[in-house]
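Here is the structure we will look at.
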Amino acid sequence: MTTAFRSADRPSTPPHPRTGAALSRDLRNRGRRRLLREDALTALAWASGAAAVALYLADGGAGQFTSPSPALTAIGVVAGLIGTDLVLVMLLLAARIPLIDNAIGHDRAMAVHGKLGKPALYLILAHMVFLLLGYGMADGLNPIAEGVSMWVNLPDMWLAFISIVLFIAVVVTSLVAVRRRFPYEFWYVVHLLTYAAVLTALPHQFSVGGLFADGQWQRWYWIAFYVVVLAALLRYRIYAPLALTFRHQLTVQRVVPAGDGAVNVELTGLRLEELAGSGGRFFIWRFLAPGMWWHHHPFSLSADPVAGRVRITVRDLGRGSASLMTVKPGTKVSVSGPYGLFGHAARTRAGLVLVGSGIGITPLRAILERAEFEQGQATVILRASTPGTLYLRDEIAELCRQRGATLYELVGHRARTGNTWLPRHQTGQRLADYVANLSDSDVYVCGPDKWAESVLADAKATGLAGTQLHRERFDW
């Protein structure tokens, strides 16, 4: 039996919708501003690498390309500068900075973060190799002998070698094939070595070779860059979660069955109305109980706050989430967020299409509750193999009735070929067959990876722009 968060319990109701033209104009303008921010951040990231190289060349690096030995050394320096720049950009992408999160979303930020790992490592390795070649040529030593000499005779070089080993460990453990062999907690702890790698690399940058000597512009550039990254990490990875946790004082009130293998975890706290409108975006929850406190859980709200309560809906999908099936009332909860663009801020059109499967249905319920649309301009499609996995079905049906949204419940096992996001008996259908105003709608999809990709492929085949399609992985 499920327990609904009734609209009658709420201190406020969804906003009265504007006319279609006014809403569409506002959403399109908001979308353009977000894309401008995305372009500006992209340009700034590229400019940071260009600035690092330009400052090095301006501070005398250009004069090194006169003979083989200094040229090899200069190439190594440039590789190291760009590699370090990429590492710092990676840290900023993982810092959960609202400016970045609101422009590209948390999952895209983390995707770019992951893609930069290998290039950064290759550049850092090239930095080491070219310096050993360049210095070795000048000293008449082979690269291995030069490396030993640098380790023994140059200050902080042993820390630099340790930094490279740490970077290699982080990148290797980040590979998908390797990550699947270990629990997330192991990978997460190893990934924290990135911070140790940066810290151990820092001393030799200022003590060896005078690259960042007093009086050079690049010295101040790199000091400023490091300070910005450190401040962002302290502000958004440490202070912000602590502040949010102390502000809201969340405590588990009760755990209620919500269907096949799922529960509603209801929490009480202070000033929870501040979380209203966060539907769709996810928070990172940590339940402060023995054996659970070290697990991070990325869940969205499944309903807006009601009468001092907030709710998440959890399905047993693994060891971490399974423990929440029996979490005890009174358990304190740490929280950070909200994160991502899977919410109202990403909309660009007056129409709204919500397509969910499995536990992915739950964030759509929260989006539906607050979304602004005219009657008949929203369509909700719930997909499940069995009726028991239509999570929060009664609540969603009631919201659709109250708000004038069209609801489809597509139940049945998937086909192996054709339009595989639909049940077997409906594989000849397309998304456009369910949504009359699809071309003027935003489509939000949440569910298993392959299934969601099939829905998005169907939507793209109708000619929808990428800005109209929204799917975000709730990830750390």
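The values are calculated or read from the model by the stated rules, or taken from the named source; none is laboratory data. Please read these numbers as outputs of a predicted model, since none were measured by experiment. We place every Cβ from the backbone using ideal geometry, glycine too, and count neighbours over all the protein chains shown. Heads up: the accessible areas ignore ligands, DNA and RNA and are worked out on the full protein's heavy atoms, side chains in. Shrake-Rupley method; radii C 1.70, N 1.55, O 1.52, S 1.80 Å.
Just a few scattered comments:
- Segment 24-243 - Debye-derived log10 I(q)/I(0), Cα point model, q = 0.19 Å⁻¹: -1.49
- Here the 3J(HN,Hα) profile of segment 377-383, calculated from phi with Karplus coefficients 6.51, -1.76 and 1.60 at θ = phi - 60°, is 9, 10, 10, 10, 10, 9, 10 Hz, Gly and Pro shown as x.
- Whole-Hz Karplus values for segment 143-155 come out as x, 5, 5, 5, x, 4, 5, 5, 4, 7, 9, 9, x Hz, taken residue by residue from phi with 6.51 cos²θ - 1.76 cosθ + 1.60 and θ = phi - 60°; glycine and proline positions read x.
- Each Lys and Arg contributes +1 and each Asp and Glu -1, all at the Cβ; summed about the Cα centre of segment 344-472, the dipole is approximately 340 debye.
- Helix axis angle, 106-139 relative to the chain longest principal axis, alpha carbon, degrees: 10
- Between the Cα long axis of helix 68-93 and the first principal axis of the chain there is an angle of about 20°, rounded to the nearest 10.
- Sparsely packed loop sites in segment 229-301 (the chymotrypsin sites (Phe, Trp or Tyr not before Pro) outside DSSP H, G, I, E and B with at most 15 other Cβ atoms within 10 Å) comprise W293, W294.
- Separation of segment 375-396 and segment 210-283, taken as the distance between their Cα centroids, equals 31 angstrom.
- The apolar share of the surface of the chain, taken as the fraction of accessible area on carbon and sulfur atoms (1.4 Å probe, ligands and nucleic acids excluded), comes to 63 percent.
- Summed over qualifying helices (DSSP H, 4 residues or more, each -39500 (n - 2.57)) and divided by its residue number, the chain shows a 222 nm mean residue ellipticity of -15500 deg cm²/dmol.
- Overall Cα dimensions of segment 24-68 - principal axes, largest extent first, Å: 62, 17, 9
- Degrees separating the helix 217-233 axis from the principal Cα axis of the chain, which is the longest one: 30
- 3J(HN,Hα) along segment 290-303: x, x, 10, 5, 8, 8, 9, 10, x, 10, 8, 5, 9, 6 Hz, from the Karplus curve 6.51 cos²θ - 1.76 cosθ + 1.60 with θ = phi - 60°, whole Hz, x for Gly and Pro.
- Within the chain, antiparallel bridges make up roughly 55 percent of the DSSP beta bridges whose residues both belong there.
- Bridgeable lysines around K115 (alpha carbons under 23 Å apart, same-chain partners fewer than 8 residues away excluded): K450.
- Estimated dipole of the chain in Debye, rounded to 20 [Cβ of Lys and Arg +1, of Asp and Glu -1, Cα centre]: 1200
- Listed values (i) 39, 22, 21; (ii) 34, 27, 21; (iii) 48, 25, 21, entry calculated as semi-axes √(5λ) of the Cα gyration tensor in Å: (iii)
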